[in-house]
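Below is one structure, written out as structure tokens, with a few remarks after it.
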Amino acid sequence: MDGMNKNKKRKTWQSPWGYLESFIISSSILIIGFIIEFFSGDNLLKLPAWPVNLILIVIVISYIIIVQKFFKTSIVKWFSSPPAAISAISILTFLILLMGFIPQNNEASDGFVKMIGLTHVTTSWPYLLCSFFLLLILGFTIVRRLFPLTIKNFAFFLNHAGLFIVIVTASLGSADLWRLNMQTVEGRAIFTSYDHNGNSYNLPFAIKLLDFKIKEYPPNIGLYSNKDNKLKIDKKTQLMEVVEGSSKILDNWNIIIEKYLNGSKKDSLGYDTSNAIGAAPAAYVKAVNQISSKEICGWVSCGSFNSLMKPLVLTSDLELVMTIPVAREYSSDIRVFESMKKYKDYTIKVNEPLKVHGWTIYQTGYNEKMGKWSNMSIIELVNDPWLPAVYVGIFMLLTGSLYLVWMGRSNQAKKTKNNDLV
Amino acid sequence: MTWYNYSLYVYCVSGSWIIGMILVYLLRKKRIKWLADIFLVAGVVIISVFTVGLWMELERPPFRTLAETRLWYGIFISVIGLVIYYRWRLFWMLAYTLLMAILFLFINYFNPDTFDKTLMPALQSPWFIPHVVVYIIGYAFLAVSSLIGLIGIYKMRKNKNTDDTIALADNIVYLGFAFLTFGLLFGALWAKEAWGHYWTWDPKETWAFLTWMVYLIYIHFRVSKKKNVKSSLWILSLAFIILLICWFGVNYLPSAQTSVHVY
Ligand code: HEM
């Protein structure tokens with residue numbers, strides 16, 4: 001290939017630029033980022049919000065198109081060359097690799113690593129500059145490869161422009177993103193919510209929690225070692241699901257659940273069924289030691305916020321205990337008021353958010369100490385006006401990837417179409 | 001149709017897939033090759049019939065319990081495996097996907113008591129299965145591509161021709177990379193649905209993204225310098241290390257102490 005020969009004779013910085021120059025440029029950008037970050041101190045980087053972000057996008061895209069179409073200097077050509085692309089991707093990968101090893105946004109971190117932004121990479125100057133550089137190269141490449149409109153170029157466009165759109169809209173859009181938390185309480189209409197820094201905002205609508213519901217998995221029973229102060233969970237000794245009538249062997253003890261109460265109250269004789277608030281699950285258990293045939297019977301309960309937990313003592317350092325039931329599903333019935341008279345009722349749960357008045361409302365939590373008796377439900381309200389644009393980009397990427405699956409490495413595909421590849 | 005009929009279906013499905021694969025091999029040079037196809041497709045049809053039957057019986061989409069989830073794994077993995085096989089004639093991929101599917105179906109068979117086991121609320125989503133299935137497939141492709149990379153390096157040492165090796169590696173990387181992209185994007189769409197944001201730079205997400213970037217480098221490196229086979233093969237082998245960290249190693253990193261993905 002005569003291109004290779006030319007490459008050999010070419011001196012550094014003589015056009016066309018290759019890998020050496022590309023990597024020098026990319027690394028310089030990274031280092032400049034570190035330096036700016038170092039001198040900008042504790043000021044956190046903030047991206048511009050609407051409408052400045054839109055104006056910025058329009059300027060950058062017009063700039064790329066005009067320069068690419070009308071100024072065909074060798075530097076402009078370099079901006080859409082594979083070496084430039086690879087160096088930009090590699091440097092960003094390197095930065096994210098550091099981020100992959102260094103704990104992020106950890107309060108305790110300090111020192112030089114923090115000064116150059118490595119403890120908060122995604123809001124640091126090096127990250128901003130490197131991704132902007134990547135975007136420029138991506139943009140120049142897209143414009144150059146737009147024509148002729150063949151299927152191959154179209155797939156190229158879907159992948160590259162899709163990625164461009166996702167990066168631009170997701171990062172610039174983050175400045176217009178609202179994420180607010182609200183603690184709804186049964187029976188009270190609330191329209192105040194808080195952001196992560198604790199600032200309060202009044203929403204254009206109010207929310208009243210009608211009912212908070214929780215479905216739980218049955219509790220488990222396990223052996224607790226007083227010597228090690230922990231539950232014994234290993235391959236041999238596992239937890240046992242509490243189901244009336246079932247039995248299981250845990251570490252030499254045959255455990256039989258003779259009776260199970262979903263909710264219970266303690267009286268002088270033992271435990272009895274109860275539906276009161278805070279009524280904890282309880283089970284009457286028979287434990288038989290397989291070696292000594294010793295038999296121990298008694299009640300076990302995991303307790304709740306207002307009743308005590310009750311273990312069953314087996315030996316001086318071994319107790320049978322019940323774990324607190326885990327939530328399988330929780331949901332809130334809420335009423336959304338536009339005004340005193342105008343309202344509508346909805347149900348939200350994890351994975352099934354609700355969309356009203358431009359906001360998406362997510363079920364995020366509840367009072368975990370109260371568990372299923374919680375009369376408080378924590379919800380998150382998100383307003384993300386750029387979301388449709390992000391989805392357009394994601395959709396383009398998905399379609400472009402489908403093309404990759406179907407065509408593979410296209411120039412070889414024809415050759416090998418009917419032969420077995422392996 | 002209920003889980004009581006399940007064993008019959010499991011045997012039929014596994015049987016027809018295994019017979020199908022054996023026939024693919026035995027009849028590969030014969031005119032009656034199509035006989036194998038019938039068995040391969042029949043397996044998918046049978047398991048789908050069971051699932052639809054279950055759906056009608058339960059009067060809700062069977063998407064709730066772990067067992068129901070595995071049923072869908074079985075269906076999706078086998079369908080994707082068949083599509084890839086008919087498009088690319090990759091027999092190992094057919095075998096891999098069908099054996100995975102059989103494995104999932106048999107886990108249900110041997111663990112009938114886990115039909116209703118703990119699935120935390122955030123995982124109870126229609127995105128769960130596509131997200132996991134495409135990752136399983138993507139990782140399989142990329143693992144094989146690294147193997148091919150090592151074979152290539154070995155061949156170079158022995159001064160043998162590597163044109164076919166690198167061409168095959170390229171193709172497998174394209175397929176694997178596409179599935180990785182699906183996995184990443186499905187994950188993002190799901191996170192939006194469950195937590196309100198599509199990307200939070202959680203350590204697992206960070207490493208998944210890194211994996212994706214490394215293969216992106218490989219793809220572009222190949223586009224630009226077709227002759228530079230040796231470096232390409234090395235990139236391919238190194239990329240696999242990142243993939244392994246993402247797959248197994250993330251939980252042990254200092255940066256991962258607060259991950260939602262630790263399992
Ligand atoms: C989803 C992500 C991406 C995918 C799937 C992808 C895929 C591809 C493919 C398949 C080609 C070969 C095109 C051909 O020869 O027909 C290519 C070329 C190229 N890509 Fe990407 N790419 C992606 C992201 C990027 C990024 C982030 C950059 C730059 C920062 C970039 C810059 C380039 C360049 C410069 C070329 C060479 C184009 C040419 O020579 O005409 N790509 N890409």
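Within the stretch A:337-354, track down each residue that is in a strand (DSSP E or B) and either on the phi > 0 side of the Ramachandran plot or within 11 Å of chain B (Cβ to nearest Cβ) (or both).
Within the stretch A:337-354, A:LYS349, A:GLU352 qualify.
Condition first: of a type in the set (Ser, Thr, Tyr), over 26 Å from A:ALA170 (Cα atoms) and surrounded by fewer than 18 Cβ atoms within 10 Å (Cβ to Cβ). Can you find one or more residues in the stretch A:122-143 that meet it?
no
So, in the stretch B:52-108, exactly how many residues are more than 26 Å from B:TYR4 (Cβ to Cβ) and within 11 Å of another protein chain (Cβ to nearest Cβ)?
Of the residues in that region, 13 qualify.
Tell me, yes or no, whether the stretch B:147-166 has at least one residue that is within 16 Å of the ligand (Cβ to nearest atom), buried (at least 18 other Cβ atoms within 10 Å of the Cβ) and within 13 Å of B:TYR218 (Cα to Cα).
Yes, the stretch B:147-166 contains at least one residue that is within 16 Å of the ligand (Cβ to nearest atom), buried (at least 18 other Cβ atoms within 10 Å of the Cβ) and within 13 Å of B:TYR218 (Cα to Cα).
So that you can scan it fast, the table gives a plain yes or no per residue for (1) more than 30 Å from A:GLU329 (Cα to Cα); (2) surrounded by 15 or more Cβ atoms within 10 Å (Cβ to Cβ):
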site: B:LYS29; (1), (2): yes, no
site: B:TRP34; (1), (2): yes, no
site: B:ALA42; (1), (2): yes, yes
site: B:ILE47; (1), (2): no, yes
site: B:LEU71; (1), (2): no, yes
site: B:PHE91; (1), (2): yes, yes
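Whether any residue in the stretch A:103-121 is closer than 28 Å to B:LYS192 by Cβ, assigned to a helix (DSSP H, G or I) and assigned by TED's automatic domain parsing to the domain that holds A:GLN68 is what I want to check.
For the stretch A:103-121, residues closer than 28 Å to B:LYS192 by Cβ, assigned to a helix (DSSP H, G or I) and assigned by TED's automatic domain parsing to the domain that holds A:GLN68: present.
Could you look through the stretch B:172-194, keep only residues that are within 7 Å of chain A (Cβ to nearest Cβ) and modelled with pLDDT under 90, and pick out the one that is farthest from the ligand (Cβ to nearest atom)?
B:ALA194
Could you tell me whether any residue of the stretch A:91-106 is within 16 Å of the ligand (Cβ to nearest atom), over 23 Å from the mean Cα position of the chain (by Cα) and buried (at least 16 other Cβ atoms within 10 Å of the Cβ)?
Yes: the stretch A:91-106 contains one or more residues that are within 16 Å of the ligand (Cβ to nearest atom), over 23 Å from the mean Cα position of the chain (by Cα) and buried (at least 16 other Cβ atoms within 10 Å of the Cβ).
Examine the stretch A:47-65 for a residue that is in contact with a Phe, Trp or Tyr (Cβ under 8 Å, 6 or more places away or on another chain), surrounded by 15 or more Cβ atoms within 10 Å (Cβ to Cβ) and part of a helix (DSSP H, G or I), and state whether such a residue exists.
For the stretch A:47-65, residues in contact with a Phe, Trp or Tyr (Cβ under 8 Å, 6 or more places away or on another chain), surrounded by 15 or more Cβ atoms within 10 Å (Cβ to Cβ) and part of a helix (DSSP H, G or I): present.
Could you figure out which of (1) within 14 Å of chain B (Cβ to nearest Cβ); (2) modelled with pLDDT under 85 isn't true of A:ASP195?
Unmet for A:ASP195, out of (1) within 14 Å of chain B (Cβ to nearest Cβ); (2) modelled with pLDDT under 85: (2).
Among the candidates A:ASN159, A:ASN181, single out the residue that is in contact (Cβ under 8 Å) with a residue 40 or more places away in the chain, among the polar types (S, T, N, Q), within 16 Å of the ligand (Cβ to nearest atom) and within 14 Å of chain B (Cβ to nearest Cβ).
Only one candidate passes the filter, namely A:ASN159.
For residues that are farther than 28 Å from A:ALA175 by Cα and of a type in the set (Lys, Arg), scanning just the stretch A:41-76, find the one that is modelled with the highest pLDDT.
Per the criteria, the residue is A:LYS69.
The values are calculated or read from the model by the stated rules, or taken from the named source; none is laboratory data. Predicted model only: the values in this text are computed from it and were never measured. For neighbour counting, all protein chains shown are included, and Cβ atoms are generated from backbone atoms with ideal geometry for every residue, glycine included.
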